[in-house]
Amino acid sequence: MNGLSIDEPSQNDLDSLISFVKSLIDLSQKTPYDQFNLASAACLSGKDIENQIYDRYTKIKNIAHKHDNLKCFLEKDLEQTIEKFIKYSKSSWFGSFSSCLQKSEQILSPSDLGFHNVIKRDMGLKFIDFEYFGWDDPVKLTSDVLLHPGMTLTNEQKRYWVKNLVKIFSDDPTFRPRLFSCYILYGLCWCLILLNDFCEFNSFKRANASMTTHNKQKIQEKQIQKSRNILKTLVSVYHHGFPYE
């Protein structure tokens with residue numbers, strides 16, 4: 001077998017992902033901090049996540065006037081929700097929202113961990129795509145596995161993932177409350193990442209791939225729906241609390 005992607009991960013696949021995180025911790029403890037830069041889009045404080053949300057939102061909003069459906073989604077759904085969620089996270093934060101996570105609590109992270117970047121072989125899983133690798137908050141890694149639209153974990157598997165990650169990082173007493181406070185903010189990041197197909201740079205790349213305007217619009221509409229679906233689950237978290245404990 002040359003290798004297969006994983007569309008429906010098994011329990012063994014999930015255990016392998018958890019084991020990989022443990023190996024990242026071991027690597028992090030043995031690696032001098034100055035040997036690597038921060039991971040791509042690393043967030044070491046609540047303020048970092050807030051800034052990333054507004055940066056992504058501004059980029060999308062600047063081109064929204066060209067797309068009525070996007071403009072409607074931003075103005076009717078995302079704009080007010082962003083402000084509300086950030087206020088919620090600040091009120092539930094475990095310390096200073098602007099304080100940077102200590103180096104000892106950071107982890108070397110691929111910054112895009114998940115089964116979308118795994119090849120399944122006879123001898124086990126092969127993890128690929130480390131171009132964004134660097135230091136980051138392990139809470140971001142934990143949240144991204146739960147939120148990434150390329151992941152197909154069941155709710156039971158998500159609870160298993162969280163249970164194990166909380167246990168793995170039990171030496172950090174702020175990990176669990178940080179996860180609960182950060183989760184909806186990272187969710188907002190994913191809502192906005194999904195809308196990148198509207199940006200001029202991505203549109204240019206797709207045009208070069210001989211994509212018709214009709215097909216591009218279909219993809220963009222699909223991305224809005226994906227973003228809307230994530231937002232819907234985040235609203236439920238806002239009202240009912242973190243769902244995977």
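The values are calculated or read from the model by the stated rules, or taken from the named source; none is laboratory data. Just so it is clear, the structure is predicted and the values come from calculations on it, not from any experiment. Because the Cβ atoms are built from the backbone with ideal geometry, glycine has one as well, and the counts that use them run over all protein chains shown. Each accessible area value is taken on the protein alone, full model and side chains, heavy atoms only, with ligands, DNA and RNA left out. Shrake-Rupley method; radii C 1.70, N 1.55, O 1.52, S 1.80 Å.
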In the stretch 126-182, anything of a type in the set (Gly, Ala, Ser) and either assigned to a helix (DSSP H, G or I) or at pLDDT below 95 (or both) is listed as SER143, GLY150, SER181
Among the residues of the stretch 25-37, is there at least one that is modelled with pLDDT of 95 or more, aliphatic (A, V, I, L, M), under 25 Å from SER111 (Cβ atoms) and within 17 Å of the chain's Cα centre (by Cα)?
no
Is it the case, given these coordinates, that SER227 is of a type in the set (S, T, N, Q), modelled with pLDDT of 95 or more, on the phi < 0 side of the Ramachandran plot and crowded, with 19+ Cβ neighbours inside 10 Å?
yes
Please go through (1) in contact with a helix residue (DSSP H, G or I) (Cβ under 6 Å, 6 or more places away or on another chain); (2) touching a residue at least 60 places away in the same chain (Cβ under 8 Å); (3) farther than 22 Å from LYS226 by Cβ; (4) surrounded by fewer than 21 Cβ atoms within 10 Å (Cβ to Cβ) for LYS158 and return the number of the only condition it doesn't satisfy.
(3)
Selected residue [in a helix (DSSP H, G or I), polar (S, T, N, Q) and in contact (Cβ under 8 Å) with a residue 24 or more places away in the chain] from GLN29, GLN52:
GLN52
Could you list all residues from the stretch 146-155 that are in contact with a helix residue (DSSP H, G or I) (Cβ under 7 Å, 6 or more places away or on another chain) and open to solvent by 40 Å² or more (accessible area, probe 1.4 Å)?
PRO149
Residues satisfying the stated conditions in the stretch 97-125, i.e. open to solvent by 10 Å² or more (accessible area, probe 1.4 Å) and either modelled with pLDDT of 95 or more or under 18 Å from ARG176 (Cβ atoms) (or both):
PHE97, SER98, SER99, CYS100, LEU101, GLN102, LYS103, SER104, GLU105, GLN106
Filter result for PHE97 (under 20 Å from the mean Cα position of the chain (by Cα) and within 22 Å of ASP172 (Cα to Cα))
yes
State whether the residues of the stretch 127-145 include one that is surrounded by fewer than 19 Cβ atoms within 10 Å (Cβ to Cβ) and among the polar types (S, T, N, Q).
no
Note on the stretch 84-118: residues over 27 Å from THR154 (Cβ atoms) and free of Cβ contacts under 8 Å to residues at least 60 places away in the same chain are LYS87, LYS90, SER91, SER96, PHE97, SER98, SER99, CYS100, LEU101, GLN102, SER104
So, in the stretch 78-110, exactly how many residues are among the aromatic types (Phe, Trp, Tyr) and within 14 Å of VAL139 (Cα to Cα)?
2
For the stretch 97-123, how many residues meet the condition of being part of a loop (DSSP other than H, G, I, E, B) and of a type in the set (Gly, Ala, Ser)?
4
Residues of the stretch 39-64 being among the small types (Gly, Ala, Ser), open to solvent by less than 20 Å² (accessible area, probe 1.4 Å) and closer than 22 Å to GLN102 by Cα, in sequence order, are ALA39, SER45, GLY46
